[in-house]
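Colleague: Got a structure for you, questions after.
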């Protein structure tokens with residue numbers, strides 16, 4: 001199994017268009033045989049997981065809760081951290097590349113951690129932070145993310 | 001996919017016989033389609049992961065390190081926590097049942113957390129702590145562990 | 001200020017005699033100008049903090065909660081981790097020596113972490129784990145703990 | 001003892017002028033009898049701690065390391081988390097108000113967490129994130145921070 005992991009981050013409440021983007025991103029990640037990691041909850045996290053499962057991928061949810069039952073239904077591997085939003089750093093550390101879709105302050109904390117650790121961050125309609133690489137759509141985002149995986153191996 | 005997760009804990013340095021037990025435990029967990037979670041490193045962690053992969057199972061390694069590259073070669077899902085032995089609580093929280101094989105103080109911390117959280121702990125030649133359910137071999141341990149999964153669902 | 005820190009661990013529900021012991025331990029730690037760290041809640045944690053404050057000491061509470069307001073009234077420095085019992089490792093890492101008084105599984109996890117990290121653990125009516133140094137009363141426990149501080153500096 | 005805690009965050013490498021600002025902020029926090037919490041290392045963290053100690057204050061350092069010895073010399077209460085930059089959330093959770101001075105991605109992660117938790121963030125030459133309240137100097141920053149403490153109690 002390919003152990004490359006792409007982390008997808010984004011808010012719980014985003015506009016419908018971004019949920020569609022997230023679902024496509026998830027599907028494309030799975031089609032390339034890459035593991036998906038996310039926060040395991042609703043919104044972008046659920047949409048990207050649903051997309052990945054449509055393409056037969058494997059989805060990892062790093063949950064804030066101390067039990068597994070709050071994971072969305074598309075999560076294969078629910079990890080119960082019990083650290084609340086302190087779990088954000090684990091998503092980032094476990095990812096080779098991050099794709100950020102929309103998102104609010106929680107997403108911003110993950111973008112910041114990723115950039116601090118020198119990990120590529122691809123962004124779709126997300127925080128405009130120096131270092132974030134803009135993508136225009138799901139296809140562009142996944143291609144850019146995969147480019148970093150290839151160049152690293 | 002069955003989201004039941006069995007956590008297997010144990011030391012890095014244990015006698016050969018216990019590594020064989022761990023490998024068998026891993027194989028039996030995988031044969032039943034149950035996810036395996038462990039600390040992702042060497043010794044019992046590696047043996048149980050190897051056994052699970054022999055039977056086509058899925059292995060999750062909750063690593064102390066802040067990068068994924070220290071996971072043993074049988075880990076499918078490496079989670080880089082960066083929390084050192086502080087990651088032990090995540091193994092326990094994510095498991096439905098724990099099987100402890102041998103082990104030293106690290107294993108003892110996990111047994112303690114599991115019992116504090118009211119999770120069943122099956123032990124093979126491990127710490128004799130009030131609450132740990134003894135098993136005589138791999139077969140006995142996995143059967144007892146699975147019994148708890150069934151009764152809970 | 002002396003930056004030596006003694007960690008005192010123990011359960012929320014212990015018999016009255018042990019609360020008296022804990023209070024005396026806290027007072028003696030403070031009288032020697034040593035910082036006290038504990039879990040910040042009730043039972044042994046509250047008794048030891050009360051004792052330390054009676055002698056004008058400084059008390060640190062490493063809380064499981066994500067806000068500070070659950071600290072007992074004798075805590076000067078409430079640290080809100082939000083990690084639940086995952087905060088136990090922080091108590092241990094921040095302590096030079098551990099004194100365990102009574103205690104259940106949570107205390108056991110801390111004893112295990114301390115021994116794994118090679119830190120001295122002095123115990124009063126607590127878990128009988130190989131490596132724990134027994135003390136017969138508060139005086140004995142604090143003297144033994146302080147002996148380790150001196151020999152290390 | 002007043003248990004209000006002000007968190008001061010900022011980078012390790014900032015220009016000299018901001019170190020002077022940080023030192024003044026530390027002194028002013030201490031003069032008002034408020035506890036100071038920070039990351040415990042160099043740069044802004046050291047300058048603010050030095051300032052606080054000049055005024056006889058109490059300084060708390062939430063360290064990324066798993067031992068206490070890396071704390072700067074002005075830290076009274078060194079907390080060894082062993083969580084690396086995962087410790088940032090603890091600084092934020094333990095603070096009533098945050099003052100950000102300069103700073104890079106690590107500081108940005110803390111600003112994001114604070115805003116996500118609804119805590120006031122006062123900024124001096126730091127990230128321009130929606131929600132951060134600008135201050136023009138140390139005096140302005142501490143006054144604004146203290147204003148939030150008063151209104152909350």
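Please treat every number below as a calculation from the coordinates, not as lab data. What you see is a predicted model, and the numbers here were worked out from it, not measured in a lab. All Cβ positions, even for glycine, are placed from backbone atoms using ideal geometry, and neighbour counts span all protein chains on display.
Colleague: I want to verify a result. In a Gaussian network model of chain B, Cα cutoff 10 Å, which of these has the top mean-square fluctuation: B:126, B:24, B:67?
Modeller: Comparing B:126, B:24, B:67 in a Gaussian network model of chain B, the most mobile one is B:67.
Colleague: As an exercise, use a Förster radius of 45 Å and the Cβ-Cβ distance of residue A:139 and residue D:3 to find the FRET efficiency, rounded to the nearest 0.05.
Modeller: Using R0 = 45 Å, I get an efficiency of 0.30.
Colleague: Which single residue of chain A puts its beta carbon nearest to the axis of rotation relating A to C, and what distance, in whole Å, does that give?
Modeller: Checking which Cβ lies nearest the axis yields A:83, 3.
Colleague: Just counting partner chain Cβ atoms within 10 Å, what average do the residues of peptide B:102-109 show around their Cβ?
Modeller: Mean number of neighbouring Cβ atoms from other chains: 5.
Colleague: Restricting attention to the alpha-carbon atoms of the stretch C:65-151, what are Rg (one decimal) and Dmax (integer), both in Å?
Modeller: In order Rg, Dmax, the Cα atoms of the stretch C:65-151 give 13.6, 37 Å.
Colleague: Suppose a student asked you for the relative contact order of chain D, using Cα pairs under 8 Å spaced at least 6 residues apart; what percent would you report?
Modeller: Here the relative contact order equals 23 percent.
Colleague: Alpha carbons only, please: Rg and Dmax for chain D, in angstrom.
Modeller: In Å, with Rg to one decimal and Dmax whole: 13.4, 37.
Colleague: At 10 °C and a viscosity of 1.306 mPa s, what translational diffusion coefficient does Stokes-Einstein give for the stretch D:15-79, taking Rh as the Kirkwood radius over Cα pairs? Give it in µm²/s as a whole number.
Modeller: 142 µm²/s
Colleague: If you put a point 7 Å past Cα along the Cβ direction, how far is that point for residue B:17 from the same point in each other copy, in nm, smallest first?
Modeller: Ordered by distance, the counterparts are at 4.1, 6.8, 7.3 nm.
Colleague: How high is the FRET efficiency from residue D:128 to residue D:54, r the C-beta distance, R0 35 Å, rounded to 0.05?
Modeller: That gives a FRET efficiency of 0.70.
Colleague: Let me ask something else about it. Which distances in nm, rounded to one decimal and ordered from shortest, link the label point of residue C:139 to the equivalent label points in the other identical copies, with labels set 7 Å from Cα toward Cβ?
Modeller: 5.8, 6.0, 8.3
Colleague: Which whole-number percent is the relative contact order of the stretch C:1-52 (Cα, under 8 Å, 6+ apart)?
Modeller: Computed over the stretch C:1-52, the figure is 50 percent.
Colleague: Label residue B:69 and residue A:17 with points 7 Å out from Cα along Cα→Cβ: what is the distance between them in nm?
Modeller: Calculated label separation equals 4.1 nm.
Colleague: Would you mind giving the three semi-axes, in whole Å and largest first, of the ellipsoid equivalent to the protein assembly as shown according to its Cα gyration tensor?
Modeller: 38, 35, 17
Colleague: Continuing with the same structure: How many angstrom lie between the C-alpha centres of the stretch B:32-56 and the stretch D:102-153?
Modeller: Going from one Cα centre to the other spans 46 Å.
Colleague: Mind computing the radius of gyration and Dmax over the alpha-carbon atoms of the stretch A:59-115? Å is fine for both.
Modeller: Rg, Dmax (Cα atoms, Å): 11.2, 31.
Colleague: With each run of n ≥ 4 DSSP H residues scored as -39500 (n - 2.57), what mean residue ellipticity at 222 nm is computed for the protein assembly as shown after dividing by its residue count and rounding to the nearest 500 deg cm²/dmol?
Modeller: Taken over the protein assembly as shown, the calculation gives -12500 deg cm²/dmol.
Colleague: Considering only the label points, 7 Å along Cα→Cβ from Cα, what distances in nm to one decimal separate residue C:55 from the same position in each other copy, shortest first?
Modeller: When each copy's label point is compared with this one, the spacings are 3.2, 5.6, 6.4 nm.
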